[in-house]
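Visitor: One structure, pasted below without further comment.
The values are calculated or read from the model by the stated rules, or taken from the named source; none is laboratory data. Predicted model, so just to flag it, every value in this text is computed and none were measured. Positions of Cβ are generated from backbone atoms using ideal geometry, with glycine treated the same way; all protein chains shown enter the neighbour counts. Protein only, heavy atoms only, side chains kept; ligands, DNA and RNA dropped before computing areas. Shrake-Rupley method; radii C 1.70, N 1.55, O 1.52, S 1.80 Å.
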Amino acid sequence: MRVILLGPPGAGKGTQSKKLAKRTGQLHISTGDLLRENVSLGSELGQQAKGYMDKGALVPDELVIKMIAERIAQDDAKSGFILDGFPRTIKQAESLDKLLQEHSLKINYVIYLDTSEGIIIQRLSGRLVCSQCQGNFHAKNMPPKQEMICDYCGGSLYQRSDDNPQTISKRLDVYKDDSSPLIRYYDAQGILKRIDADRDAEPVLEEIVLLLKK
Ligand code: AMP
């Protein structure tokens, strides 16, 4: 099964897709994680992407589409995947459709995590990420058992440099302008499922799992 998790920054795409991947055994692909990995490795892609990411802007479509095309062509993606943070523009969505069509494949579901702005800001400003396994925590809502240590792998937690008030506000503007049109794009294909994501992570996950079983 091929699933996209759609929603603004802070909707819980990362949290939900990681939990969903653990539960279902499906492959989780996050373009944000892949790009951050490239930045920390200092690869050519990382060097090209860093400036955009620091500003809260989108990395150019060509770079991200190429990166995702290479990733989904790998063997472990053959039986399906959960996409987190991709697509983020109509052009990316069209390229993904084309890529899949070439192999007679398609996206089965797009889960839209509907989230209000107050919740987004509260989640992003307290978010903590594991430097090793990319696990997500929240200083108040989902604190790790041991301060600044990942529950899953023991790695150290950090606050993402783009989770500051100024960059959060820019990322929300970018979402409204460039990414929110995807809601209509996938609704028109009849595969969009809307979920109230203002709630805690667990009930949201259960609803997604139920929905994918249908
Ligand atoms: P995320 O971890 O999904 O919040 O992504 C962090 C940053 O990576 C974004 O603010 C963008 O700069 C970049 N990024 C991630 N996914 C994409 C994408 N599909 N298209 C363009 N830029 C992206």
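Visitor: Just for the stretch 43-70: of the residues that are in contact (Cβ under 8 Å) with a residue 40 or more places away in the chain and open to solvent by 40 Å² or more (accessible area, probe 1.4 Å), which one is nearest to Pro8 (Cα to Cα)?
Guide: Start the filter on the stretch 43-70 by keeping residues that are in contact (Cβ under 8 Å) with a residue 40 or more places away in the chain, which leaves 53-58.
With open to solvent by 40 Å² or more (accessible area, probe 1.4 Å) added as a condition, the list becomes 54-55, 58.
Numbers: Asp54: 17, Lys55: 16, Leu58: 13 Å.
Here the residue is Leu58.
Visitor: Kindly provide the set of residues from the stretch 21-36 that are out of contact with any strand residue (DSSP E or B) (no Cβ under 6 Å at 6 or more places or on another chain) and either more than 17 Å from Ile72 (Cα to Cα) or within 10 Å of the ligand (Cβ to nearest atom) (or both), ordered by number.
Guide: Of the residues in the stretch 21-36, the ones out of contact with any strand residue (DSSP E or B) (no Cβ under 6 Å at 6 or more places or on another chain) are 22-25, 31-36.
Passing the criteria: Lys22, Arg23, Thr24, Thr31, Gly32, Asp33, Leu34, Leu35, Arg36.
Visitor: If I filter the stretch 148-158 for residues that are of a type outside the set (A, V, I, L, M), in contact with a Pro (Cβ under 6 Å, 6 or more places away or on another chain) and either closer than 14 Å to Gly14 by Cβ or open to solvent by 60 Å² or more (accessible area, probe 1.4 Å) (or both), do I get at least one hit? Give the steps one after another, and end with the answer.
Guide: The initial filter retains those residues of the stretch 148-158 that are of a type outside the set (A, V, I, L, M), namely 150-156, 158.
Subset that is in contact with a Pro (Cβ under 6 Å, 6 or more places away or on another chain): 151.
Narrowing further to those that are either closer than 14 Å to Gly14 by Cβ or open to solvent by 60 Å² or more (accessible area, probe 1.4 Å) (or both): 151.
Yes, the stretch 148-158 contains a residue that is of a type outside the set (A, V, I, L, M), in contact with a Pro (Cβ under 6 Å, 6 or more places away or on another chain) and either closer than 14 Å to Gly14 by Cβ or open to solvent by 60 Å² or more (accessible area, probe 1.4 Å) (or both).
Visitor: Could you identify the single residue in Lys98, Lys66, Lys106 that is outside any loop (DSSP other than H, G, I, E, B), closer than 28 Å to Lys214 by Cα and away from the ligand (no atom under 11 Å from the Cβ)?
Guide: Working: Lys66 fails: closer than 28 Å to Lys214 by Cα; Lys106 fails: outside any loop (DSSP other than H, G, I, E, B).
Result of the check over Lys98, Lys66, Lys106: Lys98.
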